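The values are calculated or read from the model by the stated rules, or taken from the named source; none is laboratory data. All values derive from a computational prediction rather than experimental measurement. Here the Cβ is made from the backbone with ideal geometry for all residues, glycine too, and neighbour counts use every protein chain on show. Remember, those area values only see protein heavy atoms, side chains included, never the ligands or the DNA or RNA. Shrake-Rupley method; radii C 1.70, N 1.55, O 1.52, S 1.80 Å.
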Amino acid sequence: LSDWSSDVCSSDLHELLMKEGVNPTSEAWHLYHLGTLSAFARHWKEAENLFLKSLEFFDETGDVLGKSATFIHLGDIACQLREIPKAKKFFKRAARQAREAKLKPQLIDLAVGIARLMKAQGEDAQALSFITLAFVQPICNRQTKDQADAFVRELWAGFSVEELEGARQWAMSVRLEDVIAAWSSSDRAPRRGKKAPPRKIRKPKGKKQKR
């Protein structure tokens, strides 16, 4: 997105805002869309500031959809800036909002964001789990897939065909909501095909009885 086209889009958004009238809801979405334009242009700090401002208005209006979408964008930006703890914080807040309101499209976008986070932490296998989980959802739209295309191609290059198929089969066998809930509470998704080994019960030590 060029600076010229970004300026044109910003001008159009401002004109639309003036037509609809300024109120907390319109102001929140106006700032949100400006943030998406800045993020698309990779102006990360500018985008972060715009999203944080929009979040203040979403909080004021109680717009759960706006808040969850904004938290996801803020998490993505933190990943780009390699601010891992901040990314986790934003994604967890997004998870809480989206799960409580049952916003499945936002949960899909969140799964993509968590995949980026896992990749940034060097956990490629977990990144593959989350991105595959997002993509197998029937309502995962073309825009989400297109925006993640470069990331996905780079990630897939590190895995064999068998591993990619294994990830797909795992993703088809679990619920998106359950995996997001598990990650939100423990930072990780359940491991594919692995269960925690049973704990060994140690017998109390005692004196051997004499025969």
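Considering region 20-29, the residues that are open to solvent by less than 40 Å² (accessible area, probe 1.4 Å) and free of Cβ contacts under 8 Å to residues at least 24 places away in the same chain include one that is nearest to Glu60 (Cα to Cα), namely Ser26.
The set of residues in region 56-77 that are surrounded by fewer than 24 Cβ atoms within 10 Å (Cβ to Cβ) and farther than 14 Å from Asp109 by Cα comprises Glu56, Phe57, Asp59, Glu60, Thr61, Gly62, Asp63, Val64.
Which ones in region 144-172 are polar (S, T, N, Q) and under 20 Å from Arg99 (Cβ atoms)? Give the derivation first.
Residues of region 144-172 that are polar (S, T, N, Q), as a first pass: 144, 147, 160, 169.
Of everything in region 144-172, just one residue is polar (S, T, N, Q) and under 20 Å from Arg99 (Cβ atoms), namely Thr144.
In region 156-178, the residue that is nearest to Lys119 (Cα to Cα) out of those that are assigned to a loop (DSSP other than H, G, I, E, B) and open to solvent by less than 70 Å² (accessible area, probe 1.4 Å) is Gly158.
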